[in-house]
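Here, each number is a calculation from the coordinates, and none is a lab measurement. If you're wondering where the values come from, they're calculated on a predicted model, not measured in any experiment.
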Amino acid sequence: MPPRALSRRSARRALVAAPVAAVLGLPALAHDYKVGMLAGASPWARATPPGGTVGAGHLSIESRGARAERLVGATSPVAGHVELHAMTVENGAMRMRPLDDGLEVAPGGHVEIKPRGYHLMFVDRKQPLREGEHVPLTLEIRKAGKVDVEPVVERVEASAPTGRGRQAGPDGDRTR
Ligand SMILES: [Cu+2]
C-alpha cells in the first residue's frame, strides 16, 4: 500500500478517537460536562414581604451525563451570600439547615429544589424581590462549572413556578 493511503487512514482514526474516549469515561474537557446537562430548569423565587432580610429560590437540576454531579453553591448580586438549605420536620415544626457539602445529582437523575424540600436562601438580601422581576443567580456546579439562571419572582404565597424563569438550555448554552 502506498504510504500516502496509510497516512490518510491514520488521520481518520485520530478523528474518531475523541468521542470514543468520552464514551469510555476517560478524562474529558470540562465543556463536555456542560453539554451533557440541563441545569437550573424552571427557576423561580418568592416575592419578599416588607421587612425581611432573606428570600428563597427554587429550581430543578438534571444531570444527563454518565457521572454524578453536585451543586456546591450559588451567588447572586441581590444577596450578601446564597446558602443551600434543606427543610426538615422536627417535633412537628419545620426547620431548615444548611447543606455544607452541597447537593448531589445522580447520573441521569435530577433533584427538585422546591418549597418544603430544598431551597436556595438569599441571605443578607440587598433589595426586595418583586413579583415579575428576574433575579440574577449563578449556580456553582462541581464539574459543569458556573451556570447562570434567572429565577422569575412569583407571588409571595406561590408554591410552584409559572415557567417564566430563564434557564440554562439543554446544550448548556447559558453556561460559562
Ligand atoms: Cu433557608
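Remarks
- Potential lengthening between residue 104 and residue 126 on full extension [0.36 nm per residue; Cα-Cα distance subtracted]: 5.0 nm
- Cα gyration tensor shape for the range 36-154, rounded if a/c is under 1.5, else prolate or oblate: oblate
- Phi-based couplings in Hz for the range 145-155 (Karplus 6.51, -1.76, 1.60; Gly and Pro marked x): x, 8, 10, 8, 10, 10, x, 8, 8, 9, 4
- Residues whose amide H lies under 5 Å from that of residue 105, counting only those 5 or more places away or on a different chain, are 69, 70, 71; hydrogens are built 1.01 Å from N in the peptide plane.
- Extension gain, residue 112 back to residue 157 (0.36 nm per residue minus Cα-Cα distance, nm): 14.3 nm
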